[in-house]
Amino acid sequence: MSATVLTASALLLDMDGTLVNSDAVVERCWRRWALKHGLDPEAALKVVHGRQGYATMAVLLPDRPVEENYADNRVMLAEETADVDGVVPVGGAPAFMAAIADLPHALVTSADSALATARMTAAALPMPAVRVTAEQVGASKPDPEGFLKGAAELGFGPADCIVFEDSEAGIAAGRAAGMRVVGVGPRAAALSPDAHVEDLTQIRVETAEDGTIRLHVSAA
């Protein structure tokens, strides 16, 4: 089995689809919303991943006033936060989080703080001390703001960071931030990340004497 080795000073981690499998909840909530608005649920599900809800709504209903999107997004967040049925860790996530516990890392998610806490708790994963949630950014992924804020809070430049992402919007955000990207899961496979894994069991973390993080990425 071949392996790619990537080196970094800090890791920036998306949550949904990367650390936590919340697809069941996302699909339940967004199918309801799409049907309520006369949209094809399957078409809607192709654009929901990685973005904040209001940004997804703006794509799906481009002529609707933004205030209505923000209002709907608040309702959607409440529904998603209350529904953790089927929320589980992505394969290898518990061991991966344990391996990086003492290394510079941050959560960078399109979820708000309450939703992030609910899903990380449901998946029994530790919440990183540094996190950038929806409340802390003015623009949703694919804008790079969240990743740039995470890197700055950790004290590293973009070139020293590696992003873990599963979605098109998230991978685009990582690239726009000037960072390398490890794509996780099936959505990421076709998006040409710097490395791709089916799940986090394919990542082995090693720390060099100078503190550099070495990621051994096994081929699927």
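Each of GLY183, ALA208, ALA78 was scored by the projection of its Cα onto the charge dipole of the chain, and the greatest displacement toward the positive side belongs to GLY183; charges sit on the C-beta of Lys, Arg, Asp and Glu.
Rounded to two decimals, the Cα-based Rg/Rh of region 1-49, with Kirkwood Rh, is 1.23. Label region 94-150 by shape, choosing from rounded, prolate and oblate, from the square roots a ≥ b ≥ c of the eigenvalues of the Cα gyration tensor; if a/c is under 1.5 it is rounded, and otherwise prolate applies when a/b is larger than b/c, oblate when it is not. Judged from the Cα gyration tensor, region 94-150 comes out oblate (a/c at least 1.5, b/c at or above a/b). Name the most mobile residue of PRO193, PRO128, PRO142, meaning the one with the largest mean-square fluctuation, in a Gaussian network model of the chain with Cα contacts below 10 Å. Among PRO193, PRO128, PRO142, the largest GNM mean-square fluctuation belongs to PRO128.
For region 39-96, what does the convex hull of the Cα positions come to per residue, in cubic angstrom?
Numbers: hull volume 6.5 nm³, N = 58.
It comes to 111 Å³ per residue, whole-number rounded.
Calculate the length of the line joining the C-alpha centroid of region 28-44 to that of region 120-145, in whole Å. The distance from the Cα centre of region 28-44 to that of region 120-145 comes to 25 Å. Calculated from the alpha-carbon coordinates, the chain shows an Rg and a Dmax of 16.8, 57 Å respectively. Bridge orientation summary for the chain: considering DSSP beta bridges with both residues in this region, about 40 percent are antiparallel. In region 33-146, the ratio of gyration radius to Kirkwood radius, Rg to Rh, stands at 1.00 when only Cα atoms are counted. Listed by chain and number, the lysines whose alpha-carbon sits under 20 Å from that of LYS36, ignoring those within fewer than 8 places in the same chain, are LYS46.
For region 47-176, give the magnitude of the charge dipole about the Cα centre (Cβ charges: +1 Lys/Arg, -1 Asp/Glu; no others), in debye to the nearest 20. Could the numbers behind the result be given before it?
Values: 8 positive and 18 negative charges, 54 e Å.
The calculation lands at about 260 debye.
Dipole magnitude for the chain: about 140 debye, using +1 per Lys or Arg Cβ and -1 per Asp or Glu Cβ, origin at the Cα centre.
Each peptide among 61-69, 48-56 gets the average number of other Cβ atoms lying within 10 Å of its residues, and from highest to lowest they stand as 48-56, 61-69. For region 136-220, the solvent-accessible area with a 1.4 angstrom probe is 43 square angstrom per residue. What number, rounded to the nearest 500 deg cm²/dmol, is the helix-based mean residue ellipticity at 222 nm of the chain, given -39500 (n - 2.57) per DSSP H run of at least four residues and division by all its residues? The per-residue figure over the chain is -11000 deg cm²/dmol.
Of all the accessible heavy-atom surface of region 80-133, with the other protein chains kept in place and a 1.4 Å probe, what percent is carbon and sulfur?
Details: 1210 of 2040 Å².
In region 80-133, the share of accessible area belonging to carbon and sulfur is 59 percent.
In terms of its C-alpha gyration tensor, region 103-220 comes out rounded, because the ratio a/c of the largest to the smallest axis stays below 1.5.
Taking the Cα centre of region 1-47 as origin, sum charge times position over the Cβ atoms of Lys and Arg (+1) and Asp and Glu (-1), and report the length of that vector in debye to the nearest 20. Provide the component values of the computation, followed by the final result.
Working: 5 positive and 6 negative charges, 40 e Å.
The dipole magnitude comes to about 200 debye.
Ordering GLY150, GLN136, ASN69 by Cα displacement along the dipole of region 1-152 toward the positive end leaves GLY150 in first place; charges were set at the Cβ atoms of Lys, Arg (+1) and Asp, Glu (-1).
The values are calculated or read from the model by the stated rules, or taken from the named source; none is laboratory data. These numbers were taken from a predicted model, which means no experiment stands behind them. Cβ atoms come from the backbone with ideal geometry, glycine included; neighbour counts cover every protein chain shown. The area values use the complete protein model at the heavy-atom level, side chains included, leaving out ligands, DNA and RNA. Shrake-Rupley method; radii C 1.70, N 1.55, O 1.52, S 1.80 Å.
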